[in-house]
Structure formats: structure tokens, C-alpha cells
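Report on one structure; see the data block that follows.
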Amino acid sequence: MKILVTVKRVVDYNVKIRVKTDGSGVELTNVKMSMNPFDEISVEEALRLKEAGKASEVVVVSIGPAKAEETLRTALAMGADRAILVETDDVIEPLAVAKIVKGVVEAEQPGLVIVGKQAIDDDSNQTGQMLSALLGWAQGTFASKVEIGDGKAQVTREVDGGLQTIEIKLPAVVTTDLRLNEPRYASLPNIMKAKKKPLDKKTPADFGVDTTPRLKVLKTEEPGGRKAGIKVKSVAELVDKLKNEAGLL
Ligand code: AMP
């Protein structure tokens, strides 16, 4: 079974985000970019399934600018076999991403597609669900455990009240949650080897997908600053403040 994994190039999660002065979005010039953290988890899971003999090949795909090749090379250095870059400088919304990935699925015929739960830049949490709908495949979202059986998979999902385990038919789409695994670091020799691994280049037009945005960002704001804390002199004062000022008791 082949596994297809989507990886998005996003602002590194350690970067302190700055909103552009015109409020049209966040500043991306001279900002460190990395693989979306949920996608690192997806790559790790695909590699573990391959190492356990449940998959034969791991293919990674990214839709984005030429620099997204770096993100794909990181996935190749972690151990993925092959990469596909669908190159575009446009802003690609989740529906267009899902349509392009559907085209890649039709060409590659994977038995499983692993998608991150959400991209930490747009926080849409839509792509995996839309992809499964477009393909007419089953989906297991917010996975914290994935077990592949014969023609089916058991997915343990992180839900509000705890964990839910479902069984889905393969082929399927799984979206990954934070507790699924701890992604590995790429070793230096593997980073060198990754430079020679195959990377195909395509464009959205190759899949007949119109990427014109459907959404208009009206404004982007930074979160309000936190108020300074105060010191209280006694437990009684603390209880009084929690009760009468914060309304927490
Ligand atoms: P979102 O629905 O935008 O929150 O993204 C959820 C997941 O979809 C991400 O974790 C990625 O796995 C995948 N995804 C979204 N946009 C892209 C992209 N441009 N290229 C590759 N994968 C993407």
C-alpha cells in the first residue's frame, strides 16, 4: 500500500507572529518557515507504518511556492521516498488544496492519505474533510492512534469527552492530532541523501483546478495584550478577589 502525505510550508511555530500594518495578513518577509507541525506528525506516522510493513511507499505532496521544495526535502530527509511539488505563488484555500490533492490521489492511487488536522497559519481544519468528501472515501479525523488491518483501519480519535475508536474501510483519509506520535529528526546523512530523492513538479492547472480565492480577509488583528498580575497579602484577599472581581467563585 502506498501512503500519500500532505505537507504545508507555514511560519515556524516558534516565530512571534507580527500582523502587517495594513491588517491584510501576517508578515512573511524574512520570517522562518517550516513544515506544519501536524504534517511532521503525518510523515512520522506514514514512516512508522512503512517500517511496520503496512506500507510500501511514502509519497509527500505540497502545494505552494518554489520554496516549498525545502519542506518536501525535510520530509524526504525524515524518510519519505518521493515528493511532488504543485507549484503556485497564489494563496491556496483548503477547497482548492483538496481538489489538487484529489488529482494527485487519482494519479498515485494511494491506499491511505494522511493530512494534518490543521495548518497553523490559517487554522482552517478543512482540507482532510473536504478531500474525503471529494473522493467519496471514509475519514478518521483527529487521530491519536492508527492501526492498519486487512482492507480497513482502526482510528482512535481525540474527541471532547475523551477518545473514540472507529473502524473505517480503506482507502481512507486520516487527519493527525498532536498526540499521535513524536516526529523524528532528520540525521545529517539523511539530509544529504534527501537531496537526490525524486521530486516531481506540477502546477494546479495540471489538475484542472481553479485556485481563485473564494474568501476575502476583512482584517487580521493581534490578540489583546495580557494584563499585569498583582500580589495579594492573604488567602482571604485572594478568595475575595476571585469571588468579587474575577467572578470565578
Ligand atoms: P487546513 O485545512 O488549512 O487547516 O489544513 C489542514 C492540513 O491540510 C494541513 O495540515 C496539511 O496537511 C494540508 N494542507 C493544507 N494546505 C496545504 C498545502 N498548501 N500544501 C500541502 N498540504 C496542505
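To the nearest ten degrees, helix 37-51 and the longest principal axis of the Cα atoms of the chain are 40 degrees apart.
Return the FRET efficiency for the residue pair R48, K196: r is the Cβ-Cβ distance, R0 is 30 Å, and the value is rounded to the nearest 0.05. Before the final figure, lay out the partial values.
Values: r = 24 Å, r/R0 = 0.79.
FRET efficiency, R48 to K196: 0.80.
A Cα-only calculation for region 193-249 places Rg and Dmax at 27.5, 69 Å. For region 19-67, trypsin sites (Lys or Arg not before Pro) are listed when DSSP marks them as loop and at most 14 other Cβ atoms sit within 10 Å of their Cβ; the list is K20, K32, K67.
Checked against a 23 Å cut-off, the cross-linked pairs K99/K197; K16/K219; K20/K117 give Cα-Cα distances beyond that limit for K99/K197; K20/K117. Residue separation of T21 and D123 scaled by 0.36 nm, minus their Cα-Cα distance, works out to 34.6 nm of gained length.
Bridgeable aspartates and glutamates around K233 (alpha carbons under 17 Å apart, same-chain partners fewer than 8 residues away excluded): E245. In plain terms, the C-alpha convex hull of region 72-191 casts an average shadow of 8.5 nm² when viewed from every direction.
Could you list the GluC sites (Glu not before Pro) in region 143-248 that lie in coil according to DSSP, counting only those with at most 16 other Cβ atoms within 10 Å of their Cβ? Don't skip to the answer; put the middle values down first.
Details: sites: E147, E158, E167, E221, E237, E245; in loops: E221, E245.
Within region 143-248, the qualifying GluC sites (Glu not before Pro) (loop, at most 16 other Cβ atoms within 10 Å) are E221, E245.
Residues of region 190-230 with amide nitrogen under 12 Å from the 7 Å Cα-to-Cβ point of K241? Answer for this model: 228-230.
Treat the chain as a sphere of radius equal to its Kirkwood radius over Cα pairs and apply Stokes-Einstein at 4 °C in a medium of 1.567 mPa s; give the translational diffusion coefficient in µm²/s, rounded to a whole number. It comes out at roughly 65 µm²/s. GNM, the chain, Cα, under 10 Å: largest mean-square fluctuation among L49, L95, L215? In the Gaussian network model the winner is L215.
Let me spell out the model: positive unit charges on the Cβ of Lys and Arg, negative unit charges on the Cβ of Asp and Glu, origin at the Cα centre of the chain. What dipole size does that give, in debye rounded to 20?
Working: 37 positive and 36 negative charges, 101 e Å.
With Lys and Arg at +1 and Asp and Glu at -1, about 480 debye.
So if each residue of separation counts as 0.36 nm, and I subtract the Cα-Cα distance between E106 and N30, what length gain in nm does that give?
23.7 nm
Entry note: region 1-116 has Rg to Rh equal to 1.00, where both radii use alpha-carbon atoms and Rh is the Kirkwood radius. Using R0 = 35 Å, the C-beta based FRET efficiency linking N14 and K233 works out to 0.35.
Which of the chymotrypsin sites (Phe, Trp or Tyr not before Pro) found in region 87-193 are loop residues per DSSP with 12 or fewer other Cβ atoms within 10 Å of their Cβ? Those satisfying the criteria are Y185.
At 222 nm, what helix-only mean residue ellipticity would the chain give, in deg cm²/dmol to the nearest 500, using -39500 (n - 2.57) for each DSSP H run of four or more? Before the final figure, lay out the partial values.
On the way: 6 runs with 67 residues, N = 249.
Counting only the DSSP helices, I get -8000 deg cm²/dmol.
Bear in mind that the values in this text are calculations on the coordinates, not laboratory data. Predicted model, so just to flag it, every value in this text is computed and none were measured. Using ideal geometry, Cβ is built from the backbone for each residue, glycine included, and neighbour counts are taken over all protein chains shown.
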